[in-house]
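Here is the structure we will look at.
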Amino acid sequence: MNAQEIFDKVAAHLMAQGERCKNERGICMYRGPGGKSCAVGVLLDDETASAWDESGKPLKTLAMAPGAPEWAYKNHTLLRDLQWLHDGVEPSRWRDALSRVAFQRGLKVYP
């Protein structure tokens, strides 16, 4: 996956989901109850998402670790920005925040 493909998939997912992916304690997760996933979790296969959730390590460490998906390694700063958006921006403001991320990275935004 390249940066545009990552952005497109994450943006479509977040806008459709419309809420954060959290556990019962309110902590954001890669994958969570009810089939929800975060900005990065939607890109991961089930095995990787589970391992990353259980590790408790920062995204950059996981994305740059041996065995991480190549697209994660190559796009770890984009993933960081999208994850921050999921965790730190109110879902009602995601559309605007996604547009800013796209603009800053020279990516296209589709309606």
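A few points about this structure:
- If you go through region 58-79 and keep only what is in contact with a helix residue (DSSP H, G or I) (Cβ under 9 Å, 6 or more places away or on another chain), in a helix (DSSP H, G or I) and over 15 Å from Leu107 (Cβ atoms), you end up with Leu59, Lys60, Thr61, Leu62, Ala63, Ala72, Tyr73, His76.
- Filtered residues of region 75-111 (kept if closer than 19 Å to Glu19 by Cβ, of a type in the set (S, T, N, Q) and either under 11 Å from the mean Cα position of the chain (by Cα) or surrounded by 11 or more Cβ atoms within 10 Å (Cβ to Cβ) (or both)): Gln83
- Leading residue by the ranking (farthest from Pro91 (Cα to Cα)) among those in region 6-54 that are in a loop (DSSP other than H, G, I, E, B), of a type outside the set (Val, Ile, Thr) and under 11 Å from the mean Cα position of the chain (by Cα): Leu44
Each reported figure results from applying straightforward, stated rules to the coordinates on display, with no laboratory input. Given the structure is predicted, the values throughout are model-derived calculations rather than measurements. Please note: Cβ atoms are built from the backbone with ideal geometry, for glycine as well, and neighbour counts cover all protein chains shown.
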